[in-house]
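Structure first, then comments.
The values are calculated or read from the model by the stated rules, or taken from the named source; none is laboratory data. Predicted model only: the values in this text are computed from it and were never measured. Using ideal geometry, Cβ is built from the backbone for each residue, glycine included, and neighbour counts are taken over all protein chains shown. Note: areas computed on protein heavy atoms with side chains; ligands, DNA, RNA excluded. Shrake-Rupley method; radii C 1.70, N 1.55, O 1.52, S 1.80 Å.
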Amino acid sequence: KLTVDTFQVNLSAPGTYPVFYTATDSAGNTTTLETTVTVSEAPDTYVDEALINETADKLLAKIITEGMTPTEQVNAVYDWIWSHCYYIAEFDKSDYMQAAYLMLTNNRGDCYGFYAVSRLLFERLGLPNLTVARLPKEVRTTNHWWNMVSLDNGETWYHFDSTPHLTYPTRTCLFTDAQLNEFNLLMPNYYYFDHEAFPSTPTE
């Protein structure tokens, strides 16, 4: 059983507040861990979550048709992003939903924006997805974000990176670990990440 104590959190006042997670197993053993939640003033550019979801749903109504399989839905999301969104170097990475809204309305962002809009659209479709971040290594010292997505409610997973590959144009939609490794031969360590922290993909 898991309980979360947020009693000290005041969402009406900016500040940092403690939150306590307590887990108890069937034998009665209990462990409590503490973390913090930071409450900040919303910036002037903040967009309400309901409007963001509404904007995403309107797009999905245009690109997703009745009877589409999860594979077809994922490909439709990829195709829309690739045909409508453009890469820019600087982008706000503080909130994935705000970033996704900017991508939906301004059609431009960096890799975080491409990851964010993919994540939002997958969530609205009910497709489980994970956030993957590149680890710095050798020549790849900058950050890069992409998604993993499941087509069968979390049983199997594939990589999904809608960020354009300008040097080596590649459709990184539903990629396996092996395919990422092949891309790494072209651009060393581009997809260098903690494999143990994520599920392995099918072989094909």
### strands (runs of 3 or more DSSP E) contained in segment 99-204 and holding at least 1 residues under 26 Å from residue 88 (Cβ atoms) and touching a Lys or Arg at 6+ places or on another chain (Cβ under 9 Å)
129-133, 145-149
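Yes/no matrix, rows are residues, columns are (1) acidic (Asp, Glu); (2) touching a residue at least 24 places away in the same chain (Cβ under 8 Å); (3) in contact with a strand residue (DSSP E or B) (Cβ under 9 Å, 6 or more places away or on another chain); (4) under 24 Å from residue 184 (Cβ atoms):
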site: 70; (1), (2), (3), (4): no, yes, yes, no
site: 97; (1), (2), (3), (4): no, yes, no, no
site: 114; (1), (2), (3), (4): no, yes, yes, yes
site: 117; (1), (2), (3), (4): no, yes, yes, no
site: 127; (1), (2), (3), (4): no, yes, yes, no
site: 137; (1), (2), (3), (4): no, yes, no, yes
### Message
I need the full set of residues from segment 133-182 which are open to solvent by 10 Å² or more (accessible area, probe 1.4 Å), in contact with a Phe, Trp or Tyr (Cβ under 9 Å, 6 or more places away or on another chain) and either among the aromatic types (Phe, Trp, Tyr) or on the phi > 0 side of the Ramachandran plot (or both), in order please.
### Response
138, 145, 157, 158, 168, 174, 175
### Summary
Reported set for segment 1-54 where residues are within 21 Å of residue 96 (Cα to Cα), outside any loop (DSSP other than H, G, I, E, B) and aliphatic (A, V, I, L, M) is 37, 39, 50, 51, 52
#### Entry: Qualifying residues in segment 90-114 (those that are closer than 13 Å to residue 131 by Cα and hydroxyl-bearing (Ser, Thr, Tyr)) - the one least open to solvent (accessible area, probe 1.4 Å)
112
### Query
Of the residues that sit in segment 58-83 and are hydroxyl-bearing (Ser, Thr, Tyr) and part of a helix (DSSP H, G or I), which one is least open to solvent (accessible area, probe 1.4 Å)?
78
## Note on the structure
Filter segment 7-57 for residues that are aliphatic (A, V, I, L, M) and loosely packed, with under 10 Cβ neighbours inside 10 Å; the one that is modelled with the lowest pLDDT is 11
